[in-house]
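Engineer: This structure is in structure tokens; I'll ask about it shortly.
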Amino acid sequence: MKQTKTFLITLFALMMSAVAFADDTPIPVEQLPADAKTFVSKNFPQANIIYAEKDWNSYECRLSNGVKIEFNKKGSWKKIDGHMTAAVPEALIPDPIKQYVQANFPGCNITKIEKERYGYEIELSNDIDLKFNYQGALIGMDD
């Protein structure tokens, strides 16, 4: 009985510490990885980083133009979200995906792009989500 109680207390303490590490913690912009800061200044020259946070394996920042960017712990982008208002810079979109969107959704902008294990997921300004493999072939669609 005593061992079970000790085990449960230990398990609870471990779970609470895991939850504490999973929480996003606000950080000064200066603490973002150098690659993340360079990425923002190169691809969003008209915007400033107004907020940054860190969790145990990633960083996130919000820009003055409303864009939210998530980076891995080394500072490479994982997700760029313009929240249906700001377009993702074209230089960041693989050519086959750009060509598909231009041909099939003229007048629509890509407002979100996310790297997934299978390829990319994008969201268009008309609220349609498209999934592409890493070669740029369409593999799924959600509307």
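The values are calculated or read from the model by the stated rules, or taken from the named source; none is laboratory data. In this text, all values refer to a predicted model and were calculated from it rather than measured experimentally. Backbone-built Cβ (ideal geometry, glycine too); neighbour counts: all protein chains shown. Note: areas computed on protein heavy atoms with side chains; ligands, DNA, RNA excluded. Shrake-Rupley method; radii C 1.70, N 1.55, O 1.52, S 1.80 Å.
Engineer: Which members of the stretch 23-66 meet the condition of being open to solvent by 80 Å² or more (accessible area, probe 1.4 Å), in a helix (DSSP H, G or I) and in contact with a Lys or Arg (Cβ under 8 Å, 6 or more places away or on another chain)?
Structural biologist: If the condition is that a residue be open to solvent by 80 Å² or more (accessible area, probe 1.4 Å), in a helix (DSSP H, G or I) and in contact with a Lys or Arg (Cβ under 8 Å, 6 or more places away or on another chain), then Gln31, Asp35 are the ones that fit.
Engineer: Please go through the stretch 57-67 and pick out each residue that is under 14 Å from the mean Cα position of the chain (by Cα) and at pLDDT 95 or above. So that I can check it myself, show each step before the final result.
Structural biologist: Taking the stretch 57-67 and keeping what is under 14 Å from the mean Cα position of the chain (by Cα), we get 57-63, 66-67.
Scanning the stretch 57-67 gives Ser58, Tyr59, Glu60, Cys61, Arg62, Leu63, Gly66, Val67.
Engineer: Moving on to the next point. Take Phe21 and tell me if it is touching a Phe, Trp or Tyr at 6+ places or on another chain (Cβ under 6 Å), over 24 Å from Phe132 (Cα atoms) and modelled with pLDDT under 95.
Structural biologist: Criteria met by Phe21.
Engineer: Residue check, Tyr100 against (1) closer than 23 Å to Phe39 by Cα; (2) open to solvent by 30 Å² or more (accessible area, probe 1.4 Å); (3) hydroxyl-bearing (Ser, Thr, Tyr), all met but one. Which one?
Structural biologist: Among (1) closer than 23 Å to Phe39 by Cα; (2) open to solvent by 30 Å² or more (accessible area, probe 1.4 Å); (3) hydroxyl-bearing (Ser, Thr, Tyr), Tyr100 violates only (1).
Engineer: Going residue by residue through the stretch 68-90, is there one that turns out to be surrounded by 12 or more Cβ atoms within 10 Å (Cβ to Cβ), farther than 26 Å from Lys131 by Cα and at pLDDT below 95?
Structural biologist: Among the residues of the stretch 68-90, not one is surrounded by 12 or more Cβ atoms within 10 Å (Cβ to Cβ), farther than 26 Å from Lys131 by Cα and at pLDDT below 95, which makes the answer no.
Engineer: A further question on this structure: Cβ-Cβ distance below 8 Å, separation of 6 or more or different chains: which pairs start in the stretch 115-132 with a residue that is in contact (Cβ under 8 Å) with a residue 12 or more places away in the chain and end on one that is among the polar types (S, T, N, Q) and in a loop (DSSP other than H, G, I, E, B)?
Structural biologist: So the pair list comes out as Gly119/Gln135; Leu124/Asn109; Ser125/Asn109.
Engineer: Among all residue pairs at least 6 apart or on different chains, which show Cβ distances below 6 Å where the first residue, located in the stretch 30-41, is β-branched (Val, Ile, Thr) and the second is open to solvent by 70 Å² or more (accessible area, probe 1.4 Å)?
Structural biologist: Sorted first by the residue in the stretch 30-41, then by its partner, the list stays empty.
Engineer: Can you say whether Glu116 is touching a Lys or Arg at 6+ places or on another chain (Cβ under 9 Å), open to solvent by 60 Å² or more (accessible area, probe 1.4 Å) and over 24 Å from Ile27 (Cβ atoms), as far as the supplied structure shows?
Structural biologist: Judged against the criteria, Glu116 is not a match.
Engineer: Within the group Lys74, Lys54, which residue is under 12 Å from Leu32 (Cα atoms) and more than 13 Å from the chain's Cα centre (by Cα)? If you could, list the steps in order and put the result at the bottom.
Structural biologist: Working: Lys54 fails: more than 13 Å from the chain's Cα centre (by Cα).
When all the criteria are applied, what remains is Lys74.
Engineer: What number of residues within the stretch 92-134 satisfy the criterion of being in a loop (DSSP other than H, G, I, E, B) and out of contact with any strand residue (DSSP E or B) (no Cβ under 8 Å at 6 or more places or on another chain)? Walk me through it before giving the result.
Structural biologist: Initial filter on the stretch 92-134 (in a loop (DSSP other than H, G, I, E, B)): 93-94, 105-109, 116-118, 125-128, 134.
Remaining after also requiring out of contact with any strand residue (DSSP E or B) (no Cβ under 8 Å at 6 or more places or on another chain): 106-107, 117, 126-127.
Residues meeting the conditions: 5.
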